[in-house]
1. Of the residues 19, 23, which single one is free of Cβ contacts under 8 Å to residues at least 12 places away in the same chain, assigned by TED's automatic domain parsing to the domain that holds residue 86 and either crowded, with 24+ Cβ neighbours inside 10 Å or touching a helix residue (DSSP H, G or I) at 6+ places or on another chain (Cβ under 9 Å) (or both)?
2. Could you check how many residues of the stretch 169-215 are in contact with an Asp or Glu (Cβ under 6 Å, 6 or more places away or on another chain) and within 24 Å of residue 20 (Cβ to Cβ)?
3. Condition first: part of a loop (DSSP other than H, G, I, E, B) and in contact with a strand residue (DSSP E or B) (Cβ under 8 Å, 6 or more places away or on another chain). Now tell me which residues in the stretch 1-21 satisfy that.
4. Can you find even one residue in the stretch 175-191 that is without any contact (Cβ under 8 Å) to a residue 60 or more places away in the chain, within 21 Å of residue 266 (Cα to Cα) and among the β-branched types (Val, Ile, Thr)?
5. State yes or no: is residue 70 at pLDDT below 95 and not in a loop (DSSP other than H, G, I, E, B)?
6. How many residues does the stretch 1-21 contain that are closer than 26 Å to residue 77 by Cβ and of a type outside the set (A, V, I, L, M, F, W, C)?
7. Taking residue 95 as the residue in question, decide whether it is of a type in the set (A, V, I, L, M), at pLDDT 95 or above, within 20 Å of the chain's Cα centre (by Cα) and part of a loop (DSSP other than H, G, I, E, B).
8. Do you know which residues across the stretch 205-232 are surrounded by 22 or more Cβ atoms within 10 Å (Cβ to Cβ) and either assigned to a helix (DSSP H, G or I) or among the aliphatic types (A, V, I, L, M) (or both)?
Amino acid sequence: MKRIRSALFMPASNARAIEKARELDCDAVILDLEDAVAPDSKHAARAQALAAARAGGFGERLLVLRVNALDTDWGEADLEAARGAGFDAVLLPKVSHPDDLALARATLGDVRVWAMIETSAAMLALPAIAAAPGLGCLIAGTNDLAKEMRCTPGADRMPLLPHLVGIVTAARAHGLMALDGVSNVLADTPELAAECAQGAAFGFDGKTLVHPAQIAPANRAFAPSAEQVRWAEAVIAAFALPENVRLGAIRVNGEMIERLHLAQAEQIVASA
């Protein structure tokens, strides 16, 4: 599955938003049946999301459906409707135990499952959740997690930092994508840029978003910079020299560079 810098939540109840999503510069569109949809609009939103998947037109963007939690009146029917509907993945909210994923996969079949990590129980069960078969991505549900923890993250998200690092670590241990939680800053501001940069520094592949104005900052933060690409190309070129091909460590622009840095350099160039 392609790398995702920006994954935009769009309420499945809003036809205009869905149509607009087909033209936005995000890497993934998540049609939301959960938080963004009022209870009396759940059934109509589901029908509209299925129609959007059938119609297509999202180009290279991944199309993901966030269903309602399994313990709600709509979760099971959401999963049954999503099977074979044409979504690239189905995002399950409030995952707190690997059994939640097993139940979803039993209904979805071969459809890839993504998991929202947004409860304290999920953090305690994170290694087992990340090891679940058929899982493709972990998403930090920072707002819900902060609410359950009764913490106040602030601009630096300090109380959540151990959990963010834990989500990335679990994802990397099992070959999953990891997406940072949404920002409540709805404009392209220095505060949003700082949060995106923080997520990239922690190792997240990209960020979940709730407004189109957030796409450009996320795409910038989670793509290799020109400086990183130059460094990577220099490392690759240096190790390709005949005198270096058998060496485990070499000197590049005054730095000691090892084979592990070569692997990082190749990843950077591939991402760019």
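The values are calculated or read from the model by the stated rules, or taken from the named source; none is laboratory data. Computed from a predicted structure; not experimentally measured. Note that we place each Cβ from the backbone using ideal geometry, even for glycine, and neighbour counts take in every protein chain shown.
1. 19
2. Count: 5.
3. 1, 2, 3, 4, 5, 12
4. No, there is no match, as no residue in the stretch 175-191 is without any contact (Cβ under 8 Å) to a residue 60 or more places away in the chain, within 21 Å of residue 266 (Cα to Cα) and among the β-branched types (Val, Ile, Thr).
5. No; evaluated as a whole, the condition is false for this residue.
6. Summing the residues that are closer than 26 Å to residue 77 by Cβ and of a type outside the set (A, V, I, L, M, F, W, C) in the stretch 1-21 gives 5.
7. Taking the combined requirement at face value, the residue satisfies it.
8. 209, 214, 217, 218, 221, 232
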